[in-house]
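The numbers here are math on the coordinates, done by the rules we state, and not lab data. The model shown is predicted, which means the values in this text are computed figures rather than measured ones. Glycine gets a Cβ as well: all are built from the backbone with ideal geometry, and neighbour counts include every protein chain shown.
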Amino acid sequence: MTERERTRLIAWSRELRQVHARLREALDLTRSAAAGGRPGGTATRDLLLYCHGFCAALDGHHRGEDHTLFPAIQAAHPELEPVLRRLAQDHSMIANLLAGLQAAADRAAPIAELDRHIEGIAAIMESHFRYEERQLLGVLETLSLDAPPGEVLGPL
């Protein structure tokens with residue numbers, strides 16, 4: 001294996017960490033926008049934009065993993081099927097939570113309600129990211145996958 005090939009292999013683990021970091025930042029921006037909402041009132045335009053952007057980014061990340069990354073891992077490491085199944089189930093649960101946040105944002109729900117949605121997503125997302133990193137970073141350092149990062153990990 002050449003140094004260039006080894007660098008690309010290791011890059012997948014770095015890519016995943018970087019995507020998770022950007023999604024955490026997007027969630028923090030969404031939280032900040034919620035905290036700056038109208039007193040006793042409804043969502044601001046900024047909050048709605050952050051909610052839409054965050055929801056699209058997280059959903060895109062999970063779709064990329066489900067359609068491209070996880071099948072490649074499954075092919076190379078069939079013993080990880082239970083881990084991949086659990087991660088895919090998390091993706092489904094998070095998608096439902098994102099749909100709830102999106103619906104609340106679309107109807108201009110009170111800030112307190114939006115905040116509850118955001119906090120629920122934050123808790124599940126962080127648990128999911130930590131589990132995924134513990135289980136897959138080592139695998140990603142050896143995974144041979146010829147696909148653009150945006151297709152594999154979402155358009156971030």
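Would you mind computing, in nm to one decimal, how far apart the modelled labels at Asn96 and Glu151 are, each placed 7 Å from Cα along Cα→Cβ?
3.2
Determine, for Ser144, Ser13, the number of other Cβ atoms within 10 Å of each Cβ, and report the residues in order from fewest to most.
Ser144, Ser13
Add +1 for every Lys or Arg and -1 for every Asp or Glu among the other residues with Cβ under 14 Å from the Cβ of His91, and state the total.
Every neighbour counted, the sum reads -2.
Which of Asp115, Asp146 comes first, and how do the rest follow, when ranked by fewest Cβ neighbours within 10 Å?
Lowest count first: Asp146, Asp115.
So, R0 is 25 Å and r is the distance between the beta-carbons of Val139 and Glu119; what FRET efficiency does that work out to, to 0.05?
For Val139 and Glu119, the calculated efficiency is 0.20.
Working out 0.36 nm times the residue gap between Ala75 and Arg24, then minus their Cα-Cα distance, what length gain in nm do you get to one decimal?
Working it through step by step, the gained length comes to 15.4 nm.
If you average 1/r across every pair of different Cα atoms in the chain and take the reciprocal, what Kirkwood value do you get, in Å?
For the chain, inverting the mean 1/r across all distinct Cα pairs yields 16.4 Å.
Note down the net charge around Gly154, summing +1 for each Lys or Arg and -1 for each Asp or Glu among other residues with Cβ under 11 Å from its Cβ.
-3
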